[in-house]
Every structure is written in structure tokens, then in C-alpha cells.
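A short write-up of the structure that comes next.
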Amino acid sequence: MNKEEKYRLLLEQVQALTAGETDQVAVMSNVAAAIHETMSFFWTGFYRVVGKELLLGPFQGPVACMHIPYGRGVCGTAWKQRETIIVPDVEQFPGHIACSSLSRSEIVVPVCSKEGEVFAVLDIDSKELSTFDDTDRQYLEQIIQTVSQLSDN
């Protein structure tokens, strides 16, 4: 099964898992687990906006950084820019925060409310360089729409 086929099935699974659920943490937990299990990434999880920083939320993988300042690292930059960031080589990203020396590439997708405010980010790391591409961006942004619908809860 190729990447796009996996993502199509994953999108259906996430929609079924989260249908009718209203709790953000529960949805983020199952979304992170479904992505991680299906795609076999190194680290998959959410950081939630709490005040002026991102605070570690539900995730799958090894231990992670617990606090990320606004505008710092890939996650903080995606929050600030309100757009998905794909990093082929984290060593080349200015201000990269190394939670694990095993992480080599990364994608971060902001989770926005209906008003356009970021309330979380989805962060995914790979042990391989250049893992993420436009296919990942497109499908992960669709998956994140499921979480975005819970912004008022």
C-alpha cells in the first residue's frame, strides 16, 4: 500500500473514531495514535496553546519537550505563521529545538479555531531525512479539520 492509500484509509478511520466526540484531549489522543500506528512515524503528537507557549499534549513515541515558546522551533514557528511547515532536515532549521537527537525531519500542522486562532499544533517527527512531502501536508491538514471542529469545547 502506498502513502496516499494509507492516508485515505487513515482519514476514514479518524472520521469514524471522532464522530460525535466533543472532548479535545480524547480526539487528539486517538488522532495521534491512529496516525502513529498507520504511518509508523518516530514521534506523533499535539502541543496545546496555553498562554504564550505550547504545552505537550497527547502523543505517541518517546518522551518529548514539555514547553515550547511562541515563535521558537518548528512548532512555535508554525503557530506564529499559522501554516504547515515541512522540514526536510531539522539540522538546517534555524532555532530547531532538539527534543530527540534521533529526529531528522519534521512536519507541523497548526490546528485553528473557526476564528483562525491556533489552539494546538500537530507535530510529527521522522528518523529519516526528507520524509514529508505535499501528500503528507494535504492529508494531515484534512485530518486536522476533525480536531479544528472542537475549538469551542
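So what is the relative contact order for segment 50-121, in percent, with contacts set as C-alpha pairs under 8 Å and at least six apart? Don't skip to the end; give the middle numbers.
Working: 107 pairs, mean separation 18.6, N = 72.
Relative contact order for segment 50-121 comes out at 26 percent.
Just how large is the dipole of segment 31-97 about the Cα centre, in debye to the nearest 20, putting +1 at every Lys and Arg Cβ and -1 at every Asp and Glu Cβ?
On the way: 5 positive and 5 negative charges, 66 e Å.
Approximately 320 debye in magnitude.
For segment 71-153, what is the charge dipole size about the Cα centre, in debye to the nearest 20, if Lys and Arg each add +1 at the Cβ and Asp and Glu each add -1 at the Cβ? Write down the numbers at each step before the final one.
Details: 7 positive and 14 negative charges, 42 e Å.
Dipole size: approximately 200 debye.
Per the chain: cysteines with no other Cys C-beta under 4.7 angstrom?
Here 75, 112 come out as lacking a disulfide-compatible partner, given the Cβ-Cβ threshold of under 4.7 Å.
Length gain on complete extension for the stretch residue 145 to residue 26, per 0.36 nm per residue less the alpha carbon to alpha carbon distance?
Values: separation 119, 0.36 × 119 = 42.84 nm, distance 1.52 nm.
Full extension from residue 145 to residue 26 adds 41.3 nm.
What is the spin-label model distance, in nm, from residue 70 to residue 114 if the labels are put 7 Å beyond Cα along the C-beta direction?
Using points 7 Å along Cα→Cβ, the separation is 2.4 nm.
Less than 22 Å apart at the alpha-carbon level, and either on another chain or at least 8 residues along: which lysines does that give for residue 114?
Hits, sequence-local ones excluded: 52, 80.
Calculate, for residue 16 and residue 97, the FRET efficiency according to 1/(1 + (r/R0)^6) with r their C-beta to C-beta distance and R0 25 Å; round to the nearest 0.05.
Using R0 = 25 Å, I get an efficiency of 0.15.
Once you've got the GNM for the chain with C-alpha springs shorter than 10 Å, pick whichever of 12, 91, 128 has the biggest mean-square fluctuation.
Looking only at 12, 91, 128, the biggest GNM fluctuation is shown by 12.
No lab work stands behind these numbers, since they all come straight from the coordinates. The shown structure was predicted, so the numbers you read here are calculated from the model rather than taken from an experiment. We place every Cβ from the backbone using ideal geometry, glycine too, and count neighbours over all the protein chains shown.
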